[in-house]
There are 2 protein chains.
Amino acid sequence: MTKTSDAQIVEAARLIIVLHGATRLTQRAVAAAVGVQAPSLYKRFADKAALLRAVRAQALADLGARLAAAAQGQAPAPAAMRMANAFRAFSAECPDIYRLIFDPALQDAGRGAERAALAPFETALAKIAGAGQGASAAHAMLAMLHGLVRLEIDGSAPATGPHDEAFRFAVYALLQGIAQSAG
Amino acid sequence: MTKTSDAQIVEAARLIIVLHGATRLTQRAVAAAVGVQAPSLYKRFADKAALLRAVRAQALADLGARLAAAAQGQAPAPAAMRMANAFRAFSAECPDIYRLIFDPALQDAGRGAERAALAPFETALAKIAGAGQGASAAHAMLAMLHGLVRLEIDGSAPATGPHDEAFRFAVYALLQGIAQSAG
DNA sequence: GTCTATACGACGATAGAC
DNA sequence: GTCTATCGTCGTATAGAC
């Protein structure tokens, strides 16, 4: 009897963001995409933010899976580099989804999902930095990557040279610094 | 005959953002703050984005001045550390203004203002990294700081420990890594 | 229970009179 | 340069049809 489903709505919202950008994501557009009128969405998601939180949770799991796959079976340092590249690739592929993950208006209370998605990160960095500084090192690397990709996808960087080179330099320098702090 | 001025409008907009948050910045609110009706603003600024670009330009200059003051008369490494702290203090003081500076929807074509504001940065980092890698090092440090403060003001970080410590660790590790890349 | 029709209030923005 | 009046779109509340 139901014309749509929670999962279909979430997927429709994700598709609109990926294909047409976050600014085009309206409740009416989502509703039209699943063949329903806008007010009907409120029977399934309390409001627009709740729907976006569902899209975000899925995206976060996707990002976590890509990071885990990139680190799979690698030594700590190569794992960190491969995860950095995977992180950047994700942000380049769908920048508006990336922004959604870090949207301050959509933060969960628990933080459990973030912790889980970034676990491979923490693991690799802890081994590089030494036990006492694993959390700080993981935070530093996350911040480095977040800053790099945000400057890149937002076009906010002074943008002198190519981003590829600057990205590698930054990640490598930080890894070196962290390794040095371990000794 | 004029009831207000461009400068007064920009300042009113800035105040609303600082005191009540960016979501409360509406054309009607700005107009009310300077004692006119909303449509009158369009005689002075083409649209809301144009007004925000003016606020952003002023904020960027402010940030640049603070960075320059922090670096004043310091050796490169302490200058970098003091600028990092000044950068973080700015973002903590008015996070919504900070977000405005890096808002992808408000980027200028020229980029001249960004370059000027971040010049003290480039100077200090070039001396630490060595001539050939000054731009990369400055970009890396800007990305590091941008990532750190965004995670902090957005509450996006896994947020394990205190941010003060994580901030110092991250900036110091990157500086070490950059210095090492120079040799 | 599920969806539709309708509508409300706030927003950014425009047209035209003074 | 400022006003009043108004448009189109947004999120969303409500009431009722199947």
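Checked against (1) outside the structural domain of A:L118 (by TED's automatic domain parsing); (2) crowded, with 20+ Cβ neighbours inside 10 Å, A:A32 meets all criteria but (2).
Residues in the range A:145-164 that are open to solvent by 10 Å² or more (accessible area, probe 1.4 Å), more than 7 Å from chain B (Cβ to nearest Cβ) and either at pLDDT 95 or above or part of a helix (DSSP H, G or I) (or both): A:E152, A:I153, A:H163, A:D164.
A:F45 - would you say it is of a type outside the set (K, R) and more than 16 Å from DNA strand D (Cβ to nearest atom)?
no
On inspection, A:A173 passes the criterion of being over 26 Å from A:D96 (Cβ atoms) and facing chain B (nearest Cβ under 7 Å). Among residues of the range A:123-144 being within 8 Å of chain B (Cβ to nearest Cβ) and either touching a residue at least 24 places away in the same chain (Cβ under 8 Å) or open to solvent by 60 Å² or more (accessible area, probe 1.4 Å) (or both), the one that is farthest from B:G21 (Cα to Cα) is A:Q133. Within the range B:4-21, the set of residues being farther than 17 Å from B:A46 by Cα and within 13 Å of DNA strand C (Cβ to nearest atom) comprises B:I16, B:I17, B:H20, B:G21. Here B:A31 meets each of (1) within 15 Å of DNA strand C (Cβ to nearest atom); (2) in contact (Cβ under 8 Å) with a residue 24 or more places away in the chain; (3) away from chain A (no Cβ under 14 Å) with one exception, condition (2).
The values are calculated or read from the model by the stated rules, or taken from the named source; none is laboratory data. Just so we're clear, the structure is a prediction, and the values are computed from it rather than from any experiment. Because the Cβ atoms are built from the backbone with ideal geometry, glycine has one as well, and the counts that use them run over all protein chains shown. Quick note on the areas: whole protein, heavy atoms, side chains included, nothing else; ligands and nucleic acids left out. Shrake-Rupley method; radii C 1.70, N 1.55, O 1.52, S 1.80 Å.
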